[in-house]
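See below for the structure under consideration.
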């Protein structure tokens, strides 16, 4: 298992993650990309703790996602199944589990302060922390036709993963106002949203 983890995690995170997996009897599955989530946790009918994490995540996002899901398991076991999935009990548990990993041997200098800041009050998804999400995305294997929305010129058309096409209008406070071409409805996008520019004839 530790050999497999080395492929997906920063080197110095492998042993402590393996220890957490063993200690909590986690059945870990590394699965193909899912658009709606990076990972999930559930207790199977057999009583097994099953955690899945997407295989396409970079090593730092994989680590945060794995600990996020283990925190669900630990919080439910400690506080009971009636707690809110991302309530205060989960936040405290997630913080406690992540603290040993917030070190320069594990996270690069470029993202270490952002990770430390995020875990003062972790959210249900690191994607909602735009600065951290953007910094983490710098370590993704980017497709040649993928752009962050802040790189798209105002007025240009772009496509999101589900095929819907938008026109970028401009910045509104911290997010970008865009109009969906087919409905003329206005949507707001985080600056770290990844899109494909539509070539106009």
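Coordinate-derived values only; no laboratory data. Small disclaimer: the values here were computed from a predicted structure and weren't measured. Every residue, glycine among them, receives a Cβ derived from its backbone with ideal geometry; neighbour counts consider all protein chains shown.
Observations on the structure shown:
- The C-alpha atoms of the chain define a longest principal axis, and helix 59-79 lies at about 50 degrees to it.
- Between the Cα long axis of helix 14-23 and the first principal axis of the chain there is an angle of about 60°, rounded to the nearest 10.
- Rg over Rh [alpha-carbon atoms, Kirkwood Rh] for the chain: 1.01
- Percent of Cα pairs exceeding the 15 Å cut-off, where the set is region 146-197: 32 percent
- Subtracting the Cα-Cα distance of residue 81 and residue 121 from 0.36 nm times their residue separation leaves 12.2 nm of extension gain.
- Axis angle, to the nearest 10 degrees, between helix 88-98 and the longest C-alpha principal axis of the chain: 80 degrees.
- Centroid-to-centroid, using Cα positions, region 1-76 and region 99-138 are 17 Å apart.
- Spacing of the two label points (7 Å from each Cα toward its C-beta) at residue 102 and residue 43, in nm: 2.9 nm
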